[in-house]
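To start, I am sharing the structure in question, which I have written as structure tokens.
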Amino acid sequence: MPKSFKIITLGCKVNQYESAYLSESLEHAGLIRASEGEGADIHIINTCIVTRTASHQSRQEIRKAIREKPDAVVIATGCYAQVYPEELLGIDGISLIVGNTDKAKITELVLQGLRPGQGVIISKDFKKNAKFEFLPIRRFPDRARAFLKIQDGCQCYCSYCIVPLARGPYRSLPREDVLNMLERLAGQGYREVVLTGIHLGMYGVDLKNGTDLGRLLVTVRNERLPLRIRLSSLEINEINEGLLEMMASEGFLCKHLHIPLQSGDDRILKRMNRHYTTRQFAQTIRMVHDKAPLAAIGIDIMAGFPGEDISSHGNTCALIDDLPISYLHVFPFSPRPGTAAFLLGERVDPQSIKKRAAELRDLGQKKKMAFFQRCLNKDFPVLAERWHSEKEGIIRGTSDNYLPVLFPLTEKSNWFIPVRMEGVENNLLLGRAVSKGVKKLVLLT
């Protein structure tokens, strides 16, 4: 029987949560997680295919594992393994390819015995009535903040996106299990939990008790757990006044929204199969800003979608520049076989895509610095996460509105503490702890 394992995770927070489950499951079965730099008997690569770059990195990690330890069992799982398993089978030396539908069975498969390089695919299509597969964890390794996967699946079929094929239909973790997991994580000392899903805003649509994300948050609030909640990502048409009122007035819900825009041009949005207009997007962003002026508002934006011309790109830049956006995640268009956009004409040449992406990143940096400046000389609750410099007593933490902060702290301990923002340096806020309302947290070891 193999004695050690290593998990390499690419992609989203859902993948990271599932890797945490796999790690706990393997350890519970008696295997040992290999330390950084050590070899392992089992290598698991939890793959991503949302972009060509992610696919390339997934293949690189698989080949690296095979090259570094040829006698190891190398397992590929995740979205690449679900959608394109035959591609991965072409990698010489791979042992097992397990789709998302069977990811939870990996520990069982390992215990049954696997041979290096045997090249087996275990994957099946999602059923239309698939249920949420609950993968409970006790801890979230190597992090001060925990992720909790409460939703899976997407049925939007944006024309560029392969995720519906990789993740299947909408599925939600029942409310009672969400509360139990939050209580467990709070009991382990976590003071921030990020609720995550493939399409988080559709939480509850498959449940029969009328639960949705808003009602879930009200229930969480009423439990008065000693932690705060951060939401991973929401679509613009899933943000309403009730959610914003809660975010603005309730300390348990972080003042931070991440909202995919993708394009600031209505014609391109229609080609993308995105179901809103730039006017609707702008109205909602301004409503967020009005309700919570110092809330962080992040957006995803794509450069070079087929049909995007100079005018379309200019419209995108102008829209972002005009809105109170805090930061951007910029993605060059990546044609994915199996998506509608893969077949679209009017492809933008790679050099133009690269140039437009660079312009958007520059704009994103400008917006981030403007947001940081607006937060100066104000106090925010910060979760201390790790030493930035133990020798100098400088802690790095994250505020409720997603500010990355450095501040001095005399003890080696996690604190949830008000910090006054006093400067900006190297894309970080520099702060000073203020005494009011200090609350000591349990040290996570």
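Just list whichever of LYS255/LYS378; LYS64/LYS354; LYS69/LYS105; LYS255/LYS367; LYS6/LYS69 have alpha carbons separated by over 19 Å in the model shown.
LYS64/LYS354; LYS69/LYS105
Right, here's the next one. Given 37 °C and 0.692 mPa s, how large is the Stokes-Einstein diffusion coefficient of the stretch 4-122 in µm²/s, with Rh as the Kirkwood radius over Cα pairs?
Stokes-Einstein gives a translational diffusion coefficient of 238 µm²/s.
Right, another one. Do you know the relative contact order of the chain, to the nearest whole percent, from alpha carbon pairs under 8 angstrom that are 6+ apart?
On the way: 910 pairs, mean separation 43.8, N = 445.
RCO, the chain: 10 percent.
Which FRET efficiency, nearest 0.05, do GLU425 and GLU183 yield, Cβ-Cβ r, R0 56 Å?
0.90
Here's another thing I want to ask about it. When you take every Cα atom in the chain, what is the radius of gyration, and what is Dmax, the widest Cα pair distance, in Å?
22.3, 61
To continue, here is another question. Can you tally the net charge around ARG432? Count Lys and Arg as +1, Asp and Glu as -1, for every other residue whose Cβ sits under 11 Å from the Cβ of ARG432.
Net of charged neighbours comes to -1.
Distance in nm between label sites at ARG115 and TYR157, each 7 Å beyond Cα in the beta-carbon direction?
With each label placed 7 Å out from Cα toward Cβ, I get 4.2 nm.
Taking the dipole about the Cα centre of the stretch 1-104, with the C-beta of Lys and Arg at +1 and of Asp and Glu at -1, give me whichever of SER55, THR101, GLY39 is farthest to the positive side.
Positive-most Cα among the choices belongs to SER55.
So, counting K/R as plus one and D/E as minus one, what does the shell of residues with Cβ under 14 Å around ASP290 add up to? Walk me through the numbers on the way to the answer.
Details: positive: LYS255, ARG286, LYS291; negative: GLU241, GLU245.
So the environment of ASP290 carries a net charge of +1.
Whole Å is fine, so just give me how far the alpha carbon centre of the stretch 23-85 lies from that of the stretch 371-406.
Value for the Cα centre distance between the two parts: 33 Å.
Now, a different point. Hey, what number do you get for the chain at 222 nm if only DSSP H runs of n ≥ 4 count, each worth -39500 (n - 2.57), divided across all residues, to the nearest 500?
Mean residue ellipticity at 222 nm (helix-derived): -10000 deg cm²/dmol.
Taking the chain as a Gaussian network, Cα atoms linked when under 10 Å apart, which of THR339, THR284, THR410 shows the biggest mean-square fluctuation?
Of the options given, THR410 has the highest mean-square fluctuation.
Moving on to the next point. When DSSP beta bridges are limited to those with both residues in the chain, what percentage is antiparallel, rounded to the nearest 5?
40 percent
Based on the Kirkwood radius over alpha-carbon pairs, what value in µm²/s does the Stokes-Einstein equation return for the translational diffusion coefficient of the stretch 146-375 at 37 °C and 0.692 mPa s?
D = 175 µm²/s.
Could you tell me the extents of the stretch 379-440's C-alpha atoms along the three principal axes, largest first, rounded to whole Å?
Result, largest extent first: 28, 26, 16 Å.
So in the chain, which Cys have no other cysteine's beta-carbon sitting under 4.7 angstrom from theirs?
Among the cysteines of the chain, those whose Cβ sits 4.7 Å or more from every other are CYS12, CYS48, CYS79, CYS154, CYS156, CYS254, CYS317, CYS375.
Between rounded, prolate and oblate, where does the stretch 64-205 land on the alpha carbon gyration tensor, with a ≥ b ≥ c its root eigenvalues, rounded for a/c under 1.5, else prolate if a/b exceeds b/c?
oblate
Within 15 Å, Cβ to Cβ, of ASP41, how many net charges do the neighbouring residues add up to if Lys/Arg are +1 and Asp/Glu are -1?
Local charge sum for ASP41: +1.
Something else: State, to one decimal in nm, how far the label point of ASN240 lies from the label point of ILE310, with both points 7 Å from Cα in the Cβ direction.
4.5 nm
Throughout, read-outs are computed from the coordinates displayed, never taken from laboratory work. Source: prediction; values computed, not measured. A quick note on method: Cβ atoms are made from the backbone with ideal geometry, for glycine too, and the neighbour counts reach across all protein chains shown.
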